[in-house]
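Read through the structure below, which is laid out as structure tokens, and then see the notes.
Every number in this text was worked out from the coordinates using simple rules, so none of it is lab data. Source: prediction; values computed, not measured. Note that each Cβ is placed from the backbone with ideal geometry, even for glycine, and that neighbours are counted across all protein chains shown.
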Amino acid sequence: MSCNVGSTDRALRIVAGLVILALGVAGPLGWWGLVGLLPLATGLWRWCPAYSVLGIRT
């Protein structure tokens, strides 16, 4: 499993994941805020399964 998420993409994923999680905790998204775990995890691990399938590297 090689890294396929670049540094800018990584930073954006981590920020987006944290914002979505925060919105879930704060109330507007409720349980849907757990969706923020996906971009957060892919940003922290620097590997995206969808990128692997599509052959994308950033």
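Which of (1) part of a helix (DSSP H, G or I); (2) surrounded by 13 or more Cβ atoms within 10 Å (Cβ to Cβ) is the odd one out, the single condition Val5 does not satisfy?
Answer for Val5: the failing condition is (1).
Just give me the residues in the range 26-58 being touching a residue at least 24 places away in the same chain (Cβ under 8 Å) and either under 13 Å from Ala16 (Cβ atoms) or not in a helix (DSSP H, G or I) (or both), in sequence order.
Pro39, Leu40, Ala41, Thr42, Gly43, Leu44, Arg46, Trp47, Cys48, Ile56, Arg57, Thr58
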